[in-house]
1. Counting other Cβ atoms within 10 Å of each Cβ, which chymotrypsin sites (Phe, Trp or Tyr not before Pro) in the range 133-182 have at most 15 and sit in a DSSP loop?
2. Of the chymotrypsin sites (Phe, Trp or Tyr not before Pro) in the range 1-46, which ones lie in a loop per DSSP and count no more than 13 other C-beta atoms within 10 Å?
3. Based on other C-beta atoms within 10 Å, arrange Ile2, Ile98 from fewest to most.
4. I'd like the projected area of the range 1-50, averaged over all directions, using the convex hull of its alpha carbons. Report it in nm² with one decimal.
5. For each of Leu28, Leu138, Leu149, count neighbouring Cβ atoms within 10 Å of the residue's Cβ, then give the residues from fewest to most.
6. DSSP loop trypsin sites (Lys or Arg not before Pro) in the range 8-72 with at most 14 other Cβ atoms within 10 Å of their Cβ, which ones?
7. Quick one: 3J(HN,Hα) in Hz for the range 21-28, Karplus 6.51/-1.76/1.60 with θ = phi - 60°, rounded, Gly and Pro as x.
8. Amide H neighbours of Ser114 under 5 Å, at least 5 residues apart or on other chains, H built in the peptide plane: list them.
Amino acid sequence: MIEWRSTWVGAGITLAKRQEKVCGFFHLCRDLGWIDKSPMAGIGAIKVQQSATGYFTAEEYERFFKTIDRWNDARWPERERIRLKALTELMRWSGLAIGDASTLKRDRLWDDGSIFLYRGKTGHAVRVLLPPSFAASLRNVPTGKDTGLAYFFWSGNGLKKSTVADWQRVYRRVFKKASMFTDTLTVEAKRAHPCSAIRSRLRH
């Protein structure tokens, strides 16, 4: 097992998750009585060293939005740029991760400008009051090409993780484009992530 593990290739977090799955499989085999002892017993866990996700400064946050405005791509007309900015602002003001924000139902936005939902990962209830101006703009955010009427940013069809992955790819493209402008800021130099928008609000 040690020799097999030495052939694995990938990021540390990926390898650690893979080992967890292998251990889980053999623990199941042991519990079912198929084997007496897990062959993974005694093999140390894979240690992952991962830098923390930083926050966007006010200048970087402005730079990010300017990059969206300058994005000249036929696949991303003005309507889609508005939607991307709205999703970013939703994460900023609500504190939601991209998974919950990108699949938020329209009826989760209440008349008083607050949103209420149960977190997808933890099941914890979340209720937060949005700034009135943003709540109004979110309520009127245009639908996308494949967006269902019941959701702000999702069609409601297929797996939620698929739409999350789609939005994450869009963010990576914007982060990459943001580093091309010739000024002193470099978003790409940081560990940029959609959650950085949340930390921007907490920081400022």
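Since every read-out is calculated from the coordinates, none of them should be taken as a lab result. Computed from a predicted structure; not experimentally measured. Here the Cβ positions follow ideal geometry from the backbone for every residue, glycine too, while neighbour counts run over all protein chains shown.
1. Listed in order of number, the matching sites are Phe181.
2. Trp8, Trp34
3. By the 10 Å Cβ count, ascending, the order reads Ile2, Ile98.
4. In nm², the orientation-averaged hull projection of the range 1-50 is 3.5.
5. Ordered from fewest to most neighbouring Cβ atoms within 10 Å, Leu28, Leu138, Leu149 come out as Leu149, Leu28, Leu138.
6. Taking the range 8-72 and a limit of 14 other Cβ atoms within 10 Å, the loop trypsin sites (Lys or Arg not before Pro) found are Lys37, Lys47, Arg70.
7. 5, 4, 4, x, 5, 6, 5, 5
8. Hits under the 5 Å cutoff: Leu130.
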